[in-house]
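Down below is the structure, laid out as structure tokens.
The values are calculated or read from the model by the stated rules, or taken from the named source; none is laboratory data. All values derive from a computational prediction rather than experimental measurement. Don't worry about glycine lacking a Cβ; one is built from the backbone with ideal geometry, like all the others, and counts go over all protein chains shown.
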Amino acid sequence: MTTRVDEALLRSLTPSVLGVLVRRGADFATAEDAVQDALVEALRVWPGDPPRDPKGWLITVAWRRFLDATRADAARRRREDLTDAEPAPLPAHSVDDTLQLYLLCAHPSLTPSSAVALTLRAVGGLTTRQIAQAYLVPEATMAQRISRAKRTVSGVSFDQPGDVATVLRVLYLVFNEGYSGDVDLAAEAIRLTRQLAATIDHPEVAGLLALMLLHHARRAARTAPDGSLVPLAQQDRGRWDTESIAEGVEILQAALARDRLGEFQAQAAIAALHADAPTAEETDWVQIVEWYDELVRLTDSPVVRLNRAVAVGEADGARAGLAALAGLDVSLPRYAAVSAYLHEGLGDLAEAARLYAKAAQGAPNLPERDHLMRQAARLNAHRDR
Amino acid sequence: MAKYLLLKHYRGAPAAVNDVPMDRWTPEEITAHVQYMEDFATRLEETGEFVDSQALAPEGMFVRYDGEGRQPVTDGPFAETKDLIAGWMVIDVDSHERAIELAGELSAAPGAGGEPIHEWLELRPFLGAPPTIAG
């Protein structure tokens, strides 16, 4: 009898198995290859012969692979000291190992794309091929990116404390990449953030998890059947995932109660206010503006100020929104789109149409370009009539 | 099989027959156009002739080497470049005739009034690898 391999279980075991190997004295790069080999082997063997103790099975196979690799290496270099040693007893703190792995894979010495790839493989348990497909690059390119990343962090001690903030940025990047190819990166980012939240008590980790859940809840409503974008105000709220929203709100409330506000909690709070509105008209824009004020204080980011202008436009009218735009750099991404939207609110349809067409020119992706071009077309058709 | 590049231009190609800027179409006409392009690519996937399709942002710049230890020189972006590529599709087909046929189909994508745009597309054959049997 063959059974389907529980890939989610397999992947969730990856970081702790890797942690065990490193604790036993394996170097990170070789251990990571060994674990990847063990995962591939598990996918092959488990359907016909499921193990009683999946984690124990993975550790045994990965350790054997590690020894094989090191022996081959050692033979080549005529150095055979460490490899035949008995493995050290299993460490008691595998939870800490998982956290250390996150920190290592998101080490500040790595470029963002390297950190993302390494995290997805070493912590996420994805294969190089899956990661390559998700990022639309050749598999050989992705394999090189991962092995370069491993070389970069090879000098970093596994016990060295890292910075959780860099881990959160990496997970945020993975989530934002969304869905392309056969790997759902958004779902994967949620899984990894959930796992991280279970290993460390940190309000911003919780904030990021809440933010992801609240945005993920809208996914089905965000795209029309023909693939075009549906803006928040026009989405069918009946298609929002209420379970995901409820979980996000609960996690966020617990995090906010800790009174250590950060940027992800503030962003999640804004998403929660949208989720809370039964219709777009009932959105509590006044409170959303207050959260944007917090975000401006926390980040001083021009992109946040741009988004704040939209919220101000909804809370206090388009004129106030345009006033909030003043002083921002017109070359900011989506500046023209925001300005177009506010001009439409003001009733200046000619200027709004011109700005939507300009925004379409500067759009960073095709669905957004098509959406903005439709807005320009809608206003022009209306004016021509 | 031979690979061909179908180049779409923002500027630089001769004017299309149905030459109305997109922001002067109706939203429904834009949707129909997008759908046509997607269906075309899907159809070529099904016939085993599709390789790749990409769109380019309209702004770009020229860059050149400026000597050891110096930053590269940049020029642009230019508001009115004579020739501006908008995107491409790469196809892998049995004959030059088939490549022309497909380019013609792509050029028939609907625009204003739901009528074909008759857009001029540039068709460029790839220089492939040398054959094993060189004759």
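Descriptive notes on the structure:
- Helices (runs of 4 or more DSSP H) fully within segment A:86-145 that include at least 2 residues being at pLDDT below 90 and touching a Pro at 6+ places or on another chain (Cβ under 8 Å): A:94-105.
- Filter result (more than 14 Å from chain A (Cβ to nearest Cβ), aromatic (Phe, Trp, Tyr) and closer than 15 Å to B:Ala103 by Cα) within segment B:41-89: B:Phe50
- Scope segment A:264-283; condition surrounded by fewer than 15 Cβ atoms within 10 Å (Cβ to Cβ), of a type outside the set (Val, Ile, Thr) and not in a helix (DSSP H, G or I); matching residues: A:Pro278
- Which numbered condition B:Asp92 fails, given (1) crowded, with 16+ Cβ neighbours inside 10 Å; (2) under 30 Å from B:Pro27 (Cα atoms); (3) within 16 Å of the chain's Cα centre (by Cα): (2)
- Test for B:Val73: is it closer than 25 Å to A:Gly362 by Cα, touching a strand residue (DSSP E or B) at 6+ places or on another chain (Cβ under 6 Å), surrounded by 11 or more Cβ atoms within 10 Å (Cβ to Cβ) and without any contact (Cβ under 8 Å) to a residue 12 or more places away in the chain: yes
- Among the criteria (1) of a type outside the set (Val, Ile, Thr); (2) without any contact (Cβ under 8 Å) to a residue 12 or more places away in the chain; (3) on the phi > 0 side of the Ramachandran plot, the one B:Gly113 does not fulfil is (2).
- Checking B:Gln71 against (1) under 27 Å from A:Pro138 (Cβ atoms); (2) in a loop (DSSP other than H, G, I, E, B), the condition it does not meet: (1)
- Checked against the criteria, A:Ala353 does not count as within 11 Å of another protein chain (Cβ to nearest Cβ), buried (at least 20 other Cβ atoms within 10 Å of the Cβ) and within 13 Å of B:Ile30 (Cβ to Cβ).
- Among (1) under 27 Å from A:Val116 (Cβ atoms); (2) within 14 Å of chain B (Cβ to nearest Cβ), the one test that A:Ser228 misses: (1)
- On the stretch given as segment A:44-70, residues that are over 22 Å from A:Thr30 (Cβ atoms) and either of a type in the set (Phe, Trp, Tyr) or outside the structural domain of A:Arg11 (by TED's automatic domain parsing) (or both) total 1.
- Looking across segment A:97-143, just one residue is closer than 12 Å to A:Val153 by Cα, touching a Gly at 6+ places or on another chain (Cβ under 7 Å) and free of Cβ contacts under 8 Å to residues at least 60 places away in the same chain, and that is A:His107.
- Residues satisfying the stated conditions in segment B:6-61, i.e. crowded, with 16+ Cβ neighbours inside 10 Å, basic (Lys, Arg) and either assigned to a strand (DSSP E or B) or at pLDDT below 90 (or both): B:Lys8
- Candidates A:Ala280, A:Ala257, A:Ala311, filtered to the one that is modelled with pLDDT of 95 or more, under 22 Å from A:Tyr172 (Cβ atoms) and not basic (Lys, Arg): A:Ala311
- Identity of the residue in segment A:231-252, surrounded by 15 or more Cβ atoms within 10 Å (Cβ to Cβ) and under 15 Å from A:Ala280 (Cβ atoms), that ends up farthest from the other protein chains (Cβ to nearest Cβ): A:Trp240
- The one condition from (1) over 30 Å from B:Met37 (Cβ atoms); (2) without any contact (Cβ under 8 Å) to a residue 60 or more places away in the chain; (3) touching a helix residue (DSSP H, G or I) at 6+ places or on another chain (Cβ under 8 Å) that A:Pro203 does not meet is (2).
- Subset tally (residues that are modelled with pLDDT of 95 or more and away from chain B (no Cβ under 11 Å)) for segment A:356-385: 0
- Residues being loosely packed, with under 15 Cβ neighbours inside 10 Å and either within 26 Å of A:Arg383 (Cα to Cα) or of a type in the set (A, V, I, L, M) (or both) - total across segment A:300-331: 5
- Verdict on A:Tyr341 being closer than 17 Å to A:Pro302 by Cα, at pLDDT 95 or above and more than 11 Å from chain B (Cβ to nearest Cβ): no
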